[in-house]
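A short worksheet on the structure shown next.
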There are 2 protein chains.
Amino acid sequence: MTKYDPSQPDGFNESLDSAISADGTPHPTKRYTIPARCGVAARLNTGQKLTICNPSGWQVCDFWAFNAEDMHEFMSMEHIHTDLLSVSPKGGDRLVSNLRNPILTFTHDSSSGIHDTLVACCDSHRYQQLGHAGYHHNCADNLRQALLAIGQKAPLVPAPFNIWMNVPIRSGEGLEWAPPVSKPGDTVTFRAEIPVLTVMSACPQDITPVNGNENAPTSLEFFVDDE
Amino acid sequence: MTKYDPSQPDGFNESLDSAISADGTPHPTKRYTIPARCGVAARLNTGQKLTICNPSGWQVCDFWAFNAEDMHEFMSMEHIHTDLLSVSPKGGDRLVSNLRNPILTFTHDSSSGIHDTLVACCDSHRYQQLGHAGYHHNCADNLRQALLAIGQKAPLVPAPFNIWMNVPIRSGEGLEWAPPVSKPGDTVTFRAEIPVLTVMSACPQDITPVNGNENAPTSLEFFVDDE
């Protein structure tokens, strides 16, 4: 039987050509666009800050961080839940890895702080289950291709930090797909606590309202600056 | 630098000798003990049912399931959250894998249905952070060793289904370590939807009250029967 290889996309999209440089190192003064429905990787040195911008206000960013020297260590939602005793990281919080080491600090959040850490990123199987026929852009493939574009392979598809995604918990357990409450121009900033490879995906979900009631995914922007 | 190998324990405990048979296949009429603080693997064919028993009533079971033919596919909490639109699986619910395939069905639950799907299993780093000096049994090592004991390697340490673990969500986001509300003799039953390797760990946490206010981890029991 064919074994599942987490690093290989189920289909291809423009994210495979998304490299901002050969190894993902950003130019320190440049503002980059993450095209709608696509993913981009950015390499950060310790102390560098990544700011992600939400021009439309209603666009979710699926976000991952891997230890640049050992990708089996990565930002882990289930370990963050224990570390913060919360499912909702706030500006100022440290974000830990699957080895419980600080990997990023969530230094600033201009939004009202509604993000998701509970649900998997979308993937080809999700869109099949939602009734979509044929290939649909998806965050899992965007992650895999953004890394392949800089010569790296995802050893797994970790649970993402779903920035601006609004999945309220009802009665302590039920979840709901709700549109974002973020505003046009909202930003989040993360400081690298170790050298990291980050990946941002402008979520292509256009069947449930996670990217707004218009189901119209838009682009995002980012830039990196030194501390 | 030494790379992190998810399959290798940080230290060794009796779980390395826990094999119930060479490949983890259970005897169909036998009731097995999971020693306090240890982990055991059990192989199920499609349709077989695994019942886990809680003699003390206050003991948490960290629980995992892997596709027996491809361990990169495994029961995934973040995909279950999307599939069920809930963080709290109930008796009757299907439990999906990271490829969104049904892997187990949670067929029966004699308890009041309080289980956790949000927090990572305990590991050596967790006990260091809690101030424990020296080696402490931990569910991550129990998982790794229970699999090594039957000749298998964990390709990662997935987020566990923490059976009977009581981590209430406050105000829609804050978490709390609370003692179990399960009763002595409570059982849960899972049916295999594909051939699976399951691992059960009698959680050794004795610093926070997740295994009861006495901080006294106890043994668990299990048996497997055909449909």
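How fast does region A:61-217 diffuse by Stokes-Einstein, in µm²/s, taking the Kirkwood radius from C-alpha pairs at 4 °C and 1.567 mPa s?
In µm²/s, the coefficient is 80.
Give me the percent of the accessible area of region A:144-227 that comes from carbon and sulfur atoms, probe 1.4 Å, all protein chains in place.
46
Could you give, in nm with one decimal, how far B:PRO28 is from each other copy of that position, shortest first, with labels 7 Å out from Cα toward Cβ?
Output for B:PRO28: 7.0 nm, nearest copy listed first.
Would you calculate, for chain A, the mean residue ellipticity at 222 nm contributed by helices, counting each DSSP H stretch of 4 or more residues as -39,500 (n - 2.57) and dividing by all residues, to the nearest 500?
-3000 deg cm²/dmol
Dipole size in debye (nearest 20) for the protein assembly as shown around its Cα centre, Lys and Arg Cβ +1, Asp and Glu Cβ -1?
Its charge dipole is roughly 120 debye.
Write down the accessible area per residue of region B:46-142 in Å², having rolled a 1.4 Å probe over the full set of protein chains.
For region B:46-142, the solvent-accessible area averages 28 Å² per residue.
Using the 7 Å Cα-to-Cβ label point, sort the distances from B:PRO102 to its equivalents in the other copies shortest first and give them in nm to one decimal.
Output for B:PRO102: 4.7 nm, nearest copy listed first.
Chains B and A: buried accessible surface, both sides, probe 1.4 Å, rounded to 100 Å²?
3700
If you count, for every residue in A:75-81, the Cβ atoms of partner chains within 10 Å of its Cβ, what is the mean?
Mean partner shielding for this stretch: 5.
Viscosity 0.890 mPa s, temperature 25 °C: give me the Stokes-Einstein translational D for region A:99-166 in µm²/s, with Rh taken as the Kirkwood radius over C-alpha pairs.
Stokes-Einstein gives a translational diffusion coefficient of 172 µm²/s.
Any idea of the accessible area per residue across region A:148-227, 1.4 Å probe, to the nearest Å²?
Result: 35 Å² per residue.
I need two numbers for the protein assembly as shown: Rg to one decimal and Dmax as a whole number, Cα atoms only, in Å.
Answer for the protein assembly as shown, Rg first and Dmax second: 21.3, 68 Å.
Taking the Cα of B:SER21, stepping 7 Å toward and past its beta carbon, and measuring to each backbone N in region B:50-79: which are under 17 Å?
B:50-51, B:68-69
Given the C-alpha centroids of region B:65-103 and region B:6-28, what is the distance between them in whole angstrom?
23
Kindly flag which residue pairs out of A:LYS3/A:LYS30; A:LYS30/A:LYS90; A:LYS49/A:LYS183 have an alpha-carbon separation exceeding 30 Å in this structure.
Over 30 Å Cα-Cα: A:LYS3/A:LYS30.
What does the charge count near A:SER86 come to, summing +1 for each Lys or Arg and -1 for each Asp or Glu among other residues with Cβ under 13 Å from its Cβ?
The answer is -3.
Report the extension gain between B:HIS132 and B:ALA216 in nm, rounded to one decimal, defined as 0.36 nm multiplied by the number of residues separating them, less their alpha carbon distance.
Contour length minus the Cα-Cα distance gives 28.7 nm.
Compute the FRET efficiency between B:THR208 and B:THR33 as 1/(1 + (r/R0)^6), taking r as their Cβ-Cβ distance and R0 = 22 Å, and round to the nearest 0.05.
0.35
Whole percent per 10 Å bin, from 0 to the bin with the longest distance: what is P(r) over all C-alpha pairs of region B:59-106?
Per 10 Å bin, starting at 0, the Cα pair percentages come out as 28, 56, 16, 0.
Would you mind giving the three semi-axes, in whole Å and largest first, of the ellipsoid equivalent to region A:1-142 according to its Cα gyration tensor?
Three semi-axes, in Å: 25, 20, 18.
What average number of partner chain Cβ atoms lie no more than 10 Å from the Cβ of the residues making up B:153-166?
2
Net charge within 11 Å of A:TRP58 by Cβ-Cβ distance, Lys/Arg positive one each and Asp/Glu negative one each, not counting A:TRP58 itself?
Neighbour charge sum, excluding A:TRP58 itself: -1.
Ignoring ligands, DNA and RNA, please state the percent of accessible area on region B:1-115 from carbon and sulfur, probe 1.4 Å.
52
For A:170-176, what's the mean count of beta carbons from other chains sitting within 10 Å of each residue's beta carbon?
6
Counting other Cβ atoms within 10 Å of each Cβ, which trypsin sites (Lys or Arg not before Pro) in region A:1-92 have at most 11 and sit in a DSSP loop?
A:LYS3, A:LYS30
Need the per-residue list for region B:95-123: every residue with at least 50 Å² less accessible surface in the complex of protein chains than in the chain by itself, probe 1.4 Å, sorted by number.
By number: B:LEU99, B:ARG100, B:LEU118, B:ALA120.
Quick check: the distance between the Cα centres of region A:105-125 and region B:134-182, to the nearest angstrom?
Going from one Cα centre to the other spans 23 Å.
Modelling each spin label as a point 7 Å along the Cα-to-Cβ direction, I'd like the A:LEU85/B:ARG170 distance in nm, to one decimal.
That separation, rounded to one decimal, is 0.7 nm.
Suppose you put the label 7 Å out from Cα in the Cβ direction; list, shortest first and in nm with one decimal, how far A:GLY134 is from each other copy's label.
6.6
Beyond 12 Å, what share of the Cα-Cα pairs of region B:169-227 remains, rounded to the nearest whole percent?
Value for region B:169-227 (Cα pairs over 12 Å): 77 percent.
The values are calculated or read from the model by the stated rules, or taken from the named source; none is laboratory data. Computed from a predicted model, the values in this text were never measured in an experiment. Counting neighbours? That spans all protein chains shown, and the Cβs are built from the backbone with ideal geometry, glycine included. Just so you know, the surface numbers come from the protein's heavy atoms only, side chains and all, with ligands and any DNA or RNA stripped out. Shrake-Rupley method; radii C 1.70, N 1.55, O 1.52, S 1.80 Å.
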